[in-house]
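Only one structure is covered here, and it is reproduced in the block below.
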Amino acid sequence: MTATRSSGVKSVPGLKQATISDTSYKPSTTSSSPCSTKARRELKSDKTSKVTKLSKKKLGTTASSSVAEERVETDVLMSIYPIHLANIASQRKNHEYRNYRLRDGVERLWFYETKGTKQDKGRAAITHIATIPSNVRRPQGTVPEEPVGIGNVDFNAGLMASKFGYPIIELYELVEPIPLEKMKKEWGMGGAPMGWSYVKKNMWQARWGEDDESREDKVTRVF
């Protein structure tokens with residue numbers, strides 16, 4: 001009898017061959033790489049940023065529109081010393097001089113008369129409204145010699161700090177002046193005007209308005 005040769009591979013009891021199932025290669029649907037997570041976060045952040053900027057832009061536009069609706073851009077409020085206002089009222093001064101140029105379209109100057117000094121006391125109130133040409137802003141050297149007016153010669157010669165002259169056409173006095181305290185309490189103003197500002201629409205309606213007939217009860221024409 002011929003002995004049968006062994007193949008050399010011995011069977012080990014209890015050891016099973018490992019098999020790889022098809023599901024082992026399927027990508028996970030519940031997890032993602034750090035790179036993809038970061039990309040999604042950046043995309044979300046970018047979208048949020050754009051929405052925020054758009055909201056702020058809309059809010060800013062709305063606020064600007066609201067401010068524009070609350071003021072009258074043909075009328076400007078500014079302070080004036082009592083002596084200068086008196087000279088305008090007497091027509092000895094026919095130009096109001098300032099170091100700034102008001103935009104074209106402004107046609108009325110509301111004068112806040114300062115409290116002045118011991119020698120020249122004022123009322124610390126909005127007392128007068130002057131009308132000016134809507135598109136005439138005279139630089140130094142261009143104010144006509146006639147009619148003669150206080151300050152005209154010095155202005156033309158460059159001896160004044162002011163850069164622009166505004167011809168006074170008419171002057172009106174408020175029947176009911178607006179004192180400083182009333183400006184603060186009723187009209188929401190922080191104090192006496194510094195520089196210039198547009199007149200609030202509700203103040204404009206109360207002291208000037210669109211109706212010529214009712215205006216006679218609000219102002220008295222000086223000249």
Any chance region 135-151 includes a residue that's outside any loop (DSSP other than H, G, I, E, B) and closer than 22 Å to THR74 by Cα? yes
Based on this model, can you work out whether ILE132 counts as of a type in the set (A, V, I, L, M) and in contact with a Leu (Cβ under 9 Å, 6 or more places away or on another chain)? yes
Can you tell me which residues in region 130-184 are under 28 Å from the mean Cα position of the chain (by Cα), over 20 Å from GLU113 (Cα atoms) and crowded, with 17+ Cβ neighbours inside 10 Å? ARG137, ARG138, PHE164
Selection count where residues are assigned to a strand (DSSP E or B) and closer than 16 Å to LEU174 by Cα, scope region 90-114: 6
Subset tally (residues that are at pLDDT 95 or above and charged (D, E, K, R)) for region 189-214: 3
Please work out which residue is surrounded by the fewest Cβ atoms within 10 Å (Cβ to Cβ), limiting yourself to region 189-221 and to residues that are assigned to a helix (DSSP H, G or I) and in contact with an Asp or Glu (Cβ under 7 Å, 6 or more places away or on another chain). LYS201
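The values are calculated or read from the model by the stated rules, or taken from the named source; none is laboratory data. Being a predicted model, the structure only gives us computed values, none of them experimental. Cβ sites come from the backbone with ideal geometry, for glycine too, and all protein chains shown count toward neighbours.
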